[in-house]
1. Amide H neighbours of Ala11 under 5 Å, counting only residues 5+ apart in sequence or on other chains, H built in-plane at 1.01 Å?
2. For Gln67 paired with Thr43, estimate the spin-label separation in nm (one decimal), with each label point 7 Å from Cα along the Cα-to-Cβ line.
3. Pop out the ³J(HN,Hα) list for region 32-45 in order, Karplus 6.51 cos²θ - 1.76 cosθ + 1.60 with θ = phi - 60°, rounded to Hz; leave Gly and Pro as x.
4. Which of the following values of P(r) over Cα pairs in 10 Å bins from 0, in percent was calculated from the structure shown: (i) 23, 55, 20, 2; (ii) 19, 49, 27, 6, 0; (iii) 19, 47, 25, 9, 1?
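Just so it is clear, none of the values below were taken in a lab; they were calculated from the coordinates. None of the values given here were measured: they were computed from a predicted structure. No Cβ is skipped: glycine too gets one built from the backbone with ideal geometry, and neighbour counts run over all protein chains shown.
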Amino acid sequence: MSDRNNLIVIADEAHHTQYGVKGLAGNLRLALPNASHVAFTDTPVSMMGRDTTEQFGPIIHTYDMVQSVEA
């Protein structure tokens, strides 16, 4: 789709139907290989074939329920 490197792809609910080449994230990476890809999720997944950090990269920030309530 585009070779541009000034594109940002933002995915919400990154733990649903995003995995593998046939998943939405995989298709977006194929279509926009040089874009920056950022994903948000409240429940990262870690299992064979469905791993949030494997698909999207390292976790940048987390917070727990106590921090959420205090905010």
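1. Val38, Ala39, Phe40
2. With each label placed 7 Å out from Cα toward Cβ, I get 2.0 nm.
3. So the Karplus estimates, Gly and Pro as x, are 10, x, 9, 6, 8, 10, 10, 9, 10, 7, 9, 9, x, 10 Hz.
4. Step by step, P(r) over Cα pairs in 10 Å bins from 0, in percent for this structure corresponds to label (iii).
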